[in-house]
Each structure stands twice: as structure tokens, then as C-alpha cells.
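This report concerns only the one structure given below.
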Amino acid sequence: MGRLIDFDLPQNNILSNVAGGGASNDNPLDPEEFRRQGHMVIDFIADYYKNIEKYPVLSQVEPGYLKKRLPTSAPMNPESIETILGDVQDHIVPGITHWQSPNYFAYFPSSGSIAGFLGEMLATGFNVVGFNWMSSPAATELESIVMDWLGQMLRLPKSFLFSGNGGGVLQGTTCEAILCTLVAARDRTLRIIGNDNIGKLVVYCSDQTHCAFKKAAQIAGINPDNFRVIPTTLSSSFSMCPKALRNTIIADVEAGLVPIFLLATVGTTSTTAVDPLGPLCDVAKDYGMWVHVDAAYAGSICICPEFRHFIDGVEGADSFSFNAHKWFFTTLDCCCLWVKDPAALTQSLSTDPEYLKNKATESKQVVDYKDWQLALSRRFRSLKLWLVLRSYGVEKLRGFLRSHVKMAKVFQGFVEADNRFEVVVPRNFANVCFRITPSAVMSSSTKSSNGVLGEITNSNDISSPRTKTKMGMVNEVNQKLMESINGSGGIYMTHSVVGGIYLLRFAVGATLTQESHVIEAWNVVKQHAHAILNSIPTTHSQ
């Protein structure tokens, strides 16, 4: 794969502090040896960030590369941290796609921060297993406090907070949050209609909902035939239609089925579309359904007053989640989930073996988070979130998030000012969905377009063979553009296909990204687009 810049790094930059003798100690937790090696690892990571722009954002290795580089078996004798870090630099770093690079614009961000890293270090250093209050009281109580803090920042209804009758829990990922709430909704209904009727349960989402929901439904035992997907359209910016939802539910009820769960999304994966929470919750309420709001990406920015309206209507939902490890400067994994009725979770997820019984639990004055999640064991995740909130404060966090939106607006302006490109869907947050326009492709491929473009953009019959062929050509050109850009290593973007349109996603959110990186990214896009458009074979149309 080609490269735009020289990515060779002087080894002494990262390994300058990694010289010295090997470590040999019979105590795996010797404090002084930990101090020595820990300083070396911190220096290594600091130098990695100092030089991160010099690496190709998307790893350039081929499948199976690492097996060719590493021994076929583990060492029989200890190896020094110096040797190990040398191998990390030589063999591991080349195989990393650098999510923290300022030139990373793919998927959604996984933004990091010093506070997030140090909080992770503290959590790892204590290495407590906080399954119940007794196992480590601070782990439980800090989590409850931090979740109320964050809920207040989002202006969630008090019914979602511990200070009301609800509460928050830190899950690993949104996938877990969805599964936990779906299981709670399933069991709430089955306790009424009987377990034998599980085959009648129906769940609902849009065609833009994250695939994690389908996986959760499979695990929860929902009949695959009862997984309803509500179509969306470009004209509605791919948000879910409450009327279409109601009509689907009515048909199911008339067929003797039982609606139990709706997943609404704020900031869909493909285009950051926003489902209308209030109207959707109104529909679901008429049928006694559980509503979960997945704001995995966009929830972070709703701490800014000017973006809070995107979750208006959340008061009608039963649960709400967002990933602090996406756009909230907290390292993976850290999904924040709030529920109005914690008992619905604990009734489905709790266990009570003799060896976990204790007076604190029996007093019912404490939270045992093992009963709010799938696994028994759990990490001290709240430490890193606590450090992020305290180290930066609400106003500075808002400033970080606003800066990313501002940079996305800059990129959007570049797209809109170039008649070869178009923004495919309205930008809600810091993700710009764009493509090379059909007119640019057609003008490059024909000397006289003679109505071909009109057939693509204005025809009511987009299923006609001729229109499909031309749409396919436009999509192919845009796919080539993305592959060419990513192959260069200079920047990294990802794509999606919505409404038959292949689009490129430019997601701003890496902590190190500045406006200069956005400007350079646009230059890269223009450079590759120019080359691709000029390489399209020229034909004559009649």
C-alpha cells in the first residue's frame, strides 16, 4: 500500500529511556521494581504520543504478519522489560491502527486523556473485584456518586438517578447495556404471560439501529421472526417514524404477538441520525413496552446546553446509555447506563449463593452491582470517570466537545464549497457524511451527460436497471476514493451505505486533532478525488 509521508521513526525517541539491565526479581509485585519498570512504560507511552502523527493511521501490515515475527512458544526464562518494550516497538506498534492519532476520523472516536489513562492505572493498580458492596465499598459507592453526577450534567430526569428512585451503573459496552435491559423487559412480561409464551415476544428498532441489538435479541431468546426493523428514508434523515412503528405494532398485536421492547437511537452509527424520542415513547407507552435510548456516541455532547434538546423526550424512556469511552475522554471500556427501575434489572440478573451472603447486602442499604450486569466480576471503572470529571470539570469538557463540532463544521464548509462533493445527510454532531456527487462522476465519465444525471437524482424509479447501473458507478467511485485515502496511511475514514448511497464518514473526535489536521485531511481528500475522477474512462452518451 502506498504512503504519503515517511513513517520511519528514530528508535531512540521512544526507547531512549529503555536502556539498562534486565529485571530479575522473585516477587511479581516488588514495589521498587514496579516503580522502575512503570516509569519506563510511562516514558514509552509518552514518546508514542509525541510521535503518533508519524505513523500511518491505518496499520499497513498483512494478515498473519505477527506470527512470522514472534517465537512459536513462550520463553522458559524471564526476559527483561527492555527487551519486551523493544519488541513492542518493533512488532506490535506496526500492527496498531492508531485510534488516538490526530488524523483518525473513522468509526466514532475513542478519545483518551491523561486523566482517563491515570484513572485506568489506579483501577488496574488496586485490581479490586467489586462484585458487591462488601468486596470493595469504595468501588460501589464511587460508582453510584459518579453516575448521579453525570446524570445531573445531562439533565436526566431525577427518576433515572439514585437521588430519585432509579440509578446508574457502568457496563463494559453498549452491547451489554442493551442486553441487560432487554432481559429485564423480557422477564417483566414473561412474569405476567408465562415463560411458555416467549415465542410471542416482539422487539422493535429502525434499519439504522446498531447491530448489537440483533445480537442481544438472539442471546435473549427472542424469536428471529419477531425482530422488527422499521425502514427509514433519506427524506427524514434516516430517523425512525413513530407512525410506521405504531402500524407495525398494531399488526403484531392483531396477530396475537406481544410487543415488549423498543430501541431508539440518538446518533446512529452510519449518519448520527436522531430518533424522535418523545413521539416514539408515546407509542411504546400505549403498549406497555420498555424503551431503551442508545446514545452511545452522541450522549457525551448532551452535557452542552445547546445540544441537550437531542435527548428531549428521554423522560418517557425506561433506560438510557452512552459510552464515555467514545467521546468523553475516558478509556475503553466504560458504558454509562441509567434505569428508572433498578429492581427490573436485579430480578433478572441477581444471584444469591451462600458464599456471597453478608450483613450489608441483607440490610438492603447498599448496591450490589453484580446484580446490574451480566458477569459477576467487575472492574473499578468509576475511578477513571471520576478522574476525568474532576481533572477537567464540566466547562472544560464542554469546551473540548464544542471544539470537535467546530472542526467538523470547518470540514463541512470545505465539502459544500466544492461542487464535486456533497453532504449526504444533515450534520448533527461532529460527523460529516459526504461523497463525490453523481454530477462529478458523470461529467468525468461522459462528454455529454444528456440527462443521465437527472435519471439518477430525480427519477422516481430508482430501481430501473439504467438508474441502478449509474448509481452503482457513483458508489464505486466513492468506494475507490475511500480505499485510496486509507491506503495512503495519512488519514483514516470509514464508510456506510444508507438508502443505496455509499458515503464517506468524517468523524472528528480524537483528542489530539486540531483544525490544521482537518485542513490537511481535506487536502488529502481533494488530491485523491482529483486522481480518481481523472482516471474514469471517458465514454459518449446518446
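The values are calculated or read from the model by the stated rules, or taken from the named source; none is laboratory data. For clarity, every value in this text was computed on a predicted model and none was experimentally measured. Cβ sites come from the backbone with ideal geometry, for glycine too, and all protein chains shown count toward neighbours. Note: areas computed on protein heavy atoms with side chains; ligands, DNA, RNA excluded. Shrake-Rupley method; radii C 1.70, N 1.55, O 1.52, S 1.80 Å.
Please arrange ASP187, ASP312 by accessible surface area, largest first, computed with a 1.4 Å probe and ligands excluded.
Output order, biggest surface exposure first: ASP312, ASP187.
Under the definition of Cα pairs under 8 Å and six or more residues apart, what whole-number percent is the relative contact order of segment 128-392?
Relative contact order comes out at 27 percent.
Which whole number in µm²/s is D for segment 128-392 by Stokes-Einstein, with the Kirkwood Rh taken over Cα pairs at 25 °C and 0.890 mPa s?
131 µm²/s
Quick one: which of LYS326/LYS480; LYS54/LYS384; LYS54/LYS396; LYS158/LYS243; LYS326/LYS396; LYS340/LYS370 span more than 20 angstrom between C-alpha atoms?
Where the Cα-Cα span goes over 20 Å, the pairs concerned are LYS326/LYS480; LYS54/LYS384; LYS54/LYS396; LYS158/LYS243.
Please list, in order along segment 232-247, the HN-Hα scalar couplings obtained from phi with the Karplus expression 6.51 cos²θ - 1.76 cosθ + 1.60 (θ = phi - 60°), rounded to whole Hz, x for Gly and Pro.
10, 9, 4, 5, 9, 6, 6, 8, 6, 8, x, 5, 5, 4, 4, 4
Binning at 20 Å from 0, report for the chain what percent of all alpha-carbon pair distances ends up in each bin.
Reading the bins upward from 0: 19, 47, 30, 4, 0.
Can you send over the carbon and sulfur percentage of the accessible area for the chain, probe radius 1.4 Å, protein chains only?
That share works out to 55 percent.
Provide the percentage of antiparallel DSSP beta bridges, counting only those with both residues in the chain; round to the nearest 5.
Taking every DSSP beta bridge within the chain, about 55 percent pair in antiparallel fashion.
Using only alpha-carbon positions, what ratio does the radius of gyration of segment 356-404 give when scaled by 2.2 N^0.38 Å?
Working it through for segment 356-404, the quotient is 1.75.
Hey, if we sort VAL394, VAL525 by accessible area with the 1.4 Å probe, largest down, what's the order?
VAL394, VAL525
How many angstrom lie between the C-alpha centres of segment 489-528 and segment 131-167?
37 Å
Assuming 0.36 nm per residue, please report the length gained on full extension of the stretch ASN165 to GLU483 beyond their Cα-Cα distance.
109.5 nm
Please list, ordered by chain and number, the residues whose modelled amide H lies under 5 Å from the amide H of PHE421; skip anything fewer than 5 residues away on the same chain.
THR437
Can you give the longest run of the chain that contains no trypsin sites (Lys or Arg not before Pro) sitting in a DSSP loop with at most 14 other Cβ atoms inside 10 Å?
156-356
Which one of MET289, GLY168, ASN323 is farthest out on the positive end of the charge dipole of the chain, using unit charges on Cβ (Lys, Arg +1; Asp, Glu -1) and the Cα centre as origin?
Farthest towards the positive pole: MET289.
Using a simple charge model, +1 on the beta-carbon of Lys and Arg, -1 on the beta-carbon of Asp and Glu, nothing else, what dipole does the chain show about its Cα centre, in debye to the nearest 20?
1060 debye
What does the charge count around GLN37 come to, taking other residues whose C-beta lies under 13 Å from its C-beta (Lys +1, Arg +1, Asp -1, Glu -1)?
Around GLN37, the charge tally is -4.
Taking only protein heavy atoms and a 1.4 Å probe, what accessible area per residue, in Å², does the chain have with all protein chains in place?
Value for the chain: 46 Å² per residue.
Could you size up the charge dipole of segment 136-211 around its Cα centre, putting +1 on the beta carbon of Lys and Arg and -1 on that of Asp and Glu, and report it in debye to the nearest 20?
Magnitude of the dipole: close to 280 debye.
Just the number, please: percent antiparallel of the DSSP beta bridges in segment 128-392, rounded to the nearest 5.
40 percent
Can you give the charge dipole size of segment 128-392 about its Cα centre, rounded to the nearest 20 debye, using +1 on the beta carbon of Lys and Arg and -1 on the beta carbon of Asp and Glu?
Taking the Cα centre of segment 128-392 as origin, the dipole is about 380 debye.
Averaging sequence separations of C-alpha pairs under 8 Å and six or more residues apart, then dividing by the length of the chain, give the relative contact order as a whole percent.
Once divided by the residue count of the chain, the mean separation gives 20 percent.
Compute the signed sum of charges (Lys and Arg +1, Asp and Glu -1) over the other residues within less than 11 Å, Cβ to Cβ, of LEU332.
Neighbour charge sum, excluding LEU332 itself: +1.
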